[in-house]
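The values are calculated or read from the model by the stated rules, or taken from the named source; none is laboratory data. If you're wondering where the values come from, they're calculated on a predicted model, not measured in any experiment. Cβ sites come from the backbone with ideal geometry, for glycine too, and all protein chains shown count toward neighbours. Ligands, DNA and RNA are stripped out before the accessible areas are found, and what is left, the full protein with its side chains, is counted by its heavy atoms. Shrake-Rupley method; radii C 1.70, N 1.55, O 1.52, S 1.80 Å.
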Amino acid sequence: WPAFLLAAKIEPPKRIFGHGWILSGDEKMSKSKGNILNPIEIANNYGIDEIRYYLMKEVSHGNDGNISLNSLEHCINSDLANNYGNLCQRVFSFIKNNCNNSICKDGKLSEADNKIIEQTEDLTKDLRNFMENQNLNNYIKSVINISFLTNKYINDEEPWKLKKNNIKKMNNILHVALEQIAKISILLNPIIPMATNKVLDALNIKSDQRNNSFLNGKKIIPNTINLGSLNILFKKIN
């Protein structure tokens, strides 16, 4: 291949990265052994975003990867349905039902608000290095940890208890949560583009704003934001 490129006076790549084998159980897939996993069938049954996410997270690129339907289902439930999908659904639903789909950031952020922002900055500081070195599984694990932390932040801050006595604080919590969702969605967009584009569309974030400039401190959503509708992103597998 590089020889053909040189003969055609086309500069060959300076770097080549090859992935490992996808294993079924502990063995290479083989028709004779009957351990073939049909990718089209899996995508039809579980979803394209879901299989992309699973393979990129669970397989260390450059090494062989052991996959199974059981671990795929566990990954979909734990990371996508119960974590990222649940985070988006609970925040959007609450704002729709209690705030007429509109949030206005008002006043100074609390200690808890600033803490989740700082924790997110810590989890994103190595992302560029992960991507440049094709360390995709650690990239994804860092991003999905942001979602776990944001879910915990909402549980701890309990914005549903503030509607009657502290609207300003409730709005700030929800605004921080939306900013977190925007960050997570942009970072996961190359991995699960269909689901994350639905979220970013509902946040009214334009396509030219769906970039990682927020890693340098730039805010994604305005102080006042009106939301679109968002349906369930991932179905939990029973």
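Are any residues in segment 203-229 among the aliphatic types (A, V, I, L, M) and either more than 22 Å from residue 140 (Cβ to Cβ) or modelled with pLDDT under 95 (or both), and if so, which ones?
Matches in segment 203-229: 205, 215, 220, 221, 225, 227.
Could you tell me whether residue 77 is in contact with a Lys or Arg (Cβ under 9 Å, 6 or more places away or on another chain) and either at pLDDT 80 or above or closer than 30 Å to residue 226 by Cβ (or both)?
Spelling it out, residue 77 is indeed in contact with a Lys or Arg (Cβ under 9 Å, 6 or more places away or on another chain) and either at pLDDT 80 or above or closer than 30 Å to residue 226 by Cβ (or both).
Six or more apart or on different chains, Cβ under 8 Å: which pairs go from a residue in segment 67-91 that's under 18 Å from residue 45 (Cβ atoms) to one that's of a type in the set (S, T, N, Q) and not in a helix (DSSP H, G or I)? Could you list them?
Listed by first residue and then by second, the contacts come to 67/24; 68/24.
Does segment 144-162 include one or more residues that are under 22 Å from residue 51 (Cα atoms), surrounded by fewer than 17 Cβ atoms within 10 Å (Cβ to Cβ) and of a type in the set (S, T, N, Q)?
yes
Does any residue in segment 199-224 that is closer than 19 Å to residue 117 by Cα come within less than 9 Å, Cβ to Cβ, of a residue that is surrounded by 15 or more Cβ atoms within 10 Å (Cβ to Cβ) and modelled with pLDDT under 85 six or more places away or on a different chain, and which pairs are these?
220/214
Residue check, residue 18 against (1) touching a residue at least 12 places away in the same chain (Cβ under 8 Å); (2) within 30 Å of residue 236 (Cα to Cα); (3) among the small types (Gly, Ala, Ser), all met but one. Which one?
Residue 18 satisfies every listed condition except (2).
Quick one: in segment 107-125, which of the residues that are over 19 Å from residue 181 (Cα atoms) and open to solvent by 60 Å² or more (accessible area, probe 1.4 Å) is nearest to the chain's Cα centre (by Cα)?
111
Kindly indicate whether any position in segment 167-175 is open to solvent by 10 Å² or more (accessible area, probe 1.4 Å), without any contact (Cβ under 8 Å) to a residue 40 or more places away in the chain and touching a helix residue (DSSP H, G or I) at 6+ places or on another chain (Cβ under 7 Å).
There is no residue in segment 167-175 that is open to solvent by 10 Å² or more (accessible area, probe 1.4 Å), without any contact (Cβ under 8 Å) to a residue 40 or more places away in the chain and touching a helix residue (DSSP H, G or I) at 6+ places or on another chain (Cβ under 7 Å).
Looking for whichever is within 24 Å of residue 238 (Cα to Cα), open to solvent by 40 Å² or more (accessible area, probe 1.4 Å), aliphatic (A, V, I, L, M) and part of a helix (DSSP H, G or I) here; the options are 87, 80, 72, 55. Which one fits?
Residue meeting the stated conditions: 55.
If you check every pair at least six apart or on different chains, which have Cβ atoms under 8 Å apart with a residue in segment 117-129 that is closer than 11 Å to residue 139 by Cα first and a residue that is aromatic (Phe, Trp, Tyr) and surrounded by 13 or more Cβ atoms within 10 Å (Cβ to Cβ) second?
Cβ pairs passing all conditions: 127/139.
Filter segment 180-208 down to residues that are polar (S, T, N, Q) and open to solvent by 20 Å² or more (accessible area, probe 1.4 Å) and give me whichever is farthest from residue 54 (Cα to Cα).
In this case the residue turns out to be 204.
Kindly provide the set of residues from segment 7-43 that are outside any loop (DSSP other than H, G, I, E, B) and surrounded by 11 or more Cβ atoms within 10 Å (Cβ to Cβ), ordered by number.
Scanning segment 7-43 gives 22, 23, 24, 27, 28, 39, 42, 43.
Select from segment 211-228 the residues that are in a loop (DSSP other than H, G, I, E, B) and either more than 26 Å from residue 170 (Cα to Cα) or open to solvent by 100 Å² or more (accessible area, probe 1.4 Å) (or both) and list them in ascending order.
211, 218, 219
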